[in-house]
Amino acid sequence: MSKFDKTILVTGGAGFIGSHVVRLFVNKYANYKIVNGDALTYAGNLENLKDVQGKPNYAFAKIDITDEAGVEELFNQYHFDAVIHLAAESHVDRSILDPLAFVKTNVLGTAILLNACRKHWNGNYDGKLFYHVSTDEVYGSLGETGFFTEETPYDPHSPYSASKAASDHFVMAYHDTYGMPVVMSNCSNNYGSHHFPEKLIPLMINNIKNNKPLPVYGKGENVRDWLFVEDHARAIDTIFHNGKLGASYNVGGFNEWKNIDLVHLLCSIMDKKLGRAEGDSAKLITYVKDRAGHDLRYAIDATKLNKELGWSPSLQFEEGLEKTVEWYLSNEEWINHVTSGDYQKYYDVQYEKR
Ligand code: NAD
Ligand code: DAU
């Protein structure tokens, strides 16, 4: 008999959003055992979770979700009550270069996890839950006006968003076919600490700091809807505990920014923080070739989540961005380890060679 009320597998817990979800759950729920299952790809970084390592309700398992036998073994070891599934290939530009890696992890990996739940729970779904973390990109691209709601038809354009859309359909198919208790959320762009610096905001912060060019795709007119990552983690907590089975919830901050305006805002925050003259960092802005198939605009309508489950974002964007810049400037070691590749040695040193 486990001394915990629930044993939860969080996949992708060493990544950006996953590490915030793991931290929130480990610290908030001493009665839950949180198992972080992650393959530690280039995007997985256990240094993100130094502060929870060693806590009695936390464990790490190095697992590739596309390895069916390995996933089965993990389920036999832990007898999970729930899965919060974040593991994915997550970067659109990489999906353009290597689409099959996205099909493998995002589609096959999700199906393998669902199937492990089906086999392990064997029709006894009492207290069980498969929570799938997805993206607003499955809805495609908006014009100048309008919002994505939960009823917006799927219309993915990049290999990344197509693979996420396929995984969403598998999750709902397991609900409809096998009666599996599932819940899903589709979130807008996240920002905050521990964000891998290939994505827009951490890339710009790092390049501004190092006086490197700031590559803005196309004319910088594309619009993204930004949410502080800790608010996303809180939304996942809310939906995990109170979401309606078989439902999906849109998560977003009603916070749209044109890329170029956002980059200017970051430049101006960084000018102040680094003691540069206003306008200095913006001189680094360099317009580069546009992303292929670049979606023009995303905007999430998160009304359902607010009305039904009472969630709303806690931070204003400028405040969240200040906090994020502050984090990057005061965590030089983290960023140095990521850019040098040293973060990939952390597992060997801390886990395997103990
Ligand atoms: P990330 O790239 O930072 O982290 C992904 C994690 O998954 C890494 O730790 C990586 O090691 C792990 N992983 C990758 N392939 C794996 C495999 N085959 N087996 C096990 N682990 C594997 O991603 P993120 O930005 O934190 O996104 C997490 C989830 O949230 C993804 O499902 C993504 O689609 C979704 N999402 C992200 C955003 C965003 O703005 N970043 C917004 C909405 C939804
Ligand atoms: O909308 C949610 C999605 O947000 C998530 O599902 C994805 O996992 C996540 O990576 C993110 O996707 P985007 O493609 O929107 O994020 P990215 O940071 O790569 O790019 C944000 C915008 O900035 C996009 O319009 C492309 C642009 N961009 C990006 C980079 C890396 C640039 O102009 N220059 C850059 O160097």
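The values are calculated or read from the model by the stated rules, or taken from the named source; none is laboratory data. Fair warning: this is a prediction, and the values are worked out from it, not measured in the lab. When we count neighbours, we look across all protein chains shown, and the Cβ atoms used for this are built from the backbone with ideal geometry, even at glycine.
Filtering the range 220-232 for residues that are acidic (Asp, Glu), more than 14 Å from ligand 1 (Cβ to nearest atom) and either at pLDDT below 95 or closer than 19 Å to Ile201 by Cβ (or both) leaves a non-empty set. Being within 12 Å of ligand 2 (Cβ to nearest atom) and touching a strand residue (DSSP E or B) at 6+ places or on another chain (Cβ under 8 Å) is the filter here; which residues of the range 256-276 pass it? Of everything in the range 256-276, those that are within 12 Å of ligand 2 (Cβ to nearest atom) and touching a strand residue (DSSP E or B) at 6+ places or on another chain (Cβ under 8 Å) turn out to be Glu256, Trp257, Lys258, Asn259, Ile260, Leu262, Val263.
Of all the residues in the range 196-236, those that are free of Cβ contacts under 8 Å to residues at least 24 places away in the same chain and either assigned to a strand (DSSP E or B) or more than 19 Å from the chain's Cα centre (by Cα) (or both) number 1. Considering only the range 92-136, how many residues are over 24 Å from Val22 (Cα atoms) and in contact with a Pro (Cβ under 7 Å, 6 or more places away or on another chain)? Number of matching residues: 3. Within the range 237-254, the residues that satisfy the criterion of being assigned to a helix (DSSP H, G or I) and not aromatic (Phe, Trp, Tyr) are Asp237, Thr238, Ile239, His241, Asn242. A count restricted to the range 308-344 and to residues that are assigned to a helix (DSSP H, G or I) and either within 25 Å of Ser188 (Cβ to Cβ) or over 21 Å from the mean Cα position of the chain (by Cα) (or both) stands at 24.
If Asp271 satisfies all but one of (1) more than 18 Å from Met204 (Cβ to Cβ); (2) of a type in the set (Asp, Glu); (3) without any contact (Cβ under 8 Å) to a residue 12 or more places away in the chain, what's the number of the condition it fails? Checking Asp271 against (1) more than 18 Å from Met204 (Cβ to Cβ); (2) of a type in the set (Asp, Glu); (3) without any contact (Cβ under 8 Å) to a residue 12 or more places away in the chain, the one that fails is (1). Exactly one residue among Ser185, Ser193, Ser161 is within 15 Å of ligand 1 (Cβ to nearest atom), farther than 16 Å from Gly253 by Cα, small (Gly, Ala, Ser) and not in a helix (DSSP H, G or I), and that residue is Ser193. Of all residues assigned to the range 23-39, at least one qualifies as being basic (Lys, Arg) and either at pLDDT below 95 or touching a strand residue (DSSP E or B) at 6+ places or on another chain (Cβ under 6 Å) (or both). Sub-9 Å Cβ pairs linking a first residue in the range 329-343 that is farther than 12 Å from Glu47 by Cβ to a second residue that is among the charged types (D, E, K, R), at least 6 apart or interchain, are Leu329/Lys209; Leu329/Lys273, ordered by first then second residue. The requirement of being closer than 30 Å to Met172 by Cβ and away from ligand 1 (no atom under 16 Å from the Cβ) is fulfilled somewhere in the range 246-260, by at least one residue.
For every residue, the table says whether it meets (1) in a loop (DSSP other than H, G, I, E, B); (2) more than 20 Å from the chain's Cα centre (by Cα); (3) among the hydroxyl-bearing types (Ser, Thr, Tyr).
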| residue | (1), (2), (3) |
| --- | --- |
| Trp257 | no, no, no |
| His264 | no, yes, no |
| Ser268 | no, yes, yes |
| Asp271 | no, yes, no |
| Arg276 | yes, yes, no |
| Ala282 | no, yes, no |
| Thr286 | no, yes, yes |
| Ala292 | yes, yes, no |
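With respect to the conditions (1) of a type in the set (Val, Ile, Thr); (2) in contact with a Leu (Cβ under 8 Å, 6 or more places away or on another chain); (3) modelled with pLDDT under 95, Thr286 lacks only one, and its number is (3).
Among the conditions (1) within 12 Å of ligand 2 (Cβ to nearest atom); (2) over 24 Å from Tyr343 (Cβ atoms); (3) surrounded by fewer than 19 Cβ atoms within 10 Å (Cβ to Cβ), Val216 misses just one, which is (3).
Within the range 282-293, residues that are in contact (Cβ under 8 Å) with a residue 40 or more places away in the chain sit with their Cβ atoms under 6 Å from residues that are within 16 Å of ligand 1 (Cβ to nearest atom), at 6+ positions apart or across chains, in these pairs: Ala292/Ile96; Gly293/His157; Gly293/Ser158. Out of everything in the range 173-193 that is more than 14 Å from ligand 2 (Cβ to nearest atom) and under 20 Å from the mean Cα position of the chain (by Cα), what residue ends up being surrounded by the most Cβ atoms within 10 Å (Cβ to Cβ)? Among them, the one singled out is Val182. Suppose the filter is of a type in the set (Asp, Glu), near ligand 2 (Cβ under 8 Å from one of its atoms) and closer than 30 Å to Lys307 by Cα; does Asp225 pass it? Yes, satisfied. Restricted to the range 126-153, and to residues there that are surrounded by fewer than 16 Cβ atoms within 10 Å (Cβ to Cβ) and more than 19 Å from Glu256 (Cβ to Cβ), the residue that is farthest from ligand 2 (Cβ to nearest atom) is Asp126. Selection of the range 22-49 for residues being more than 9 Å from ligand 1 (Cβ to nearest atom) and β-branched (Val, Ile, Thr) yields Val22, Val26, Ile34, Val35. The listed residues are Asn222, Asn250, and the only one of them that is surrounded by 17 or more Cβ atoms within 10 Å (Cβ to Cβ) and farther than 29 Å from Gly13 by Cα turns out to be Asn222.
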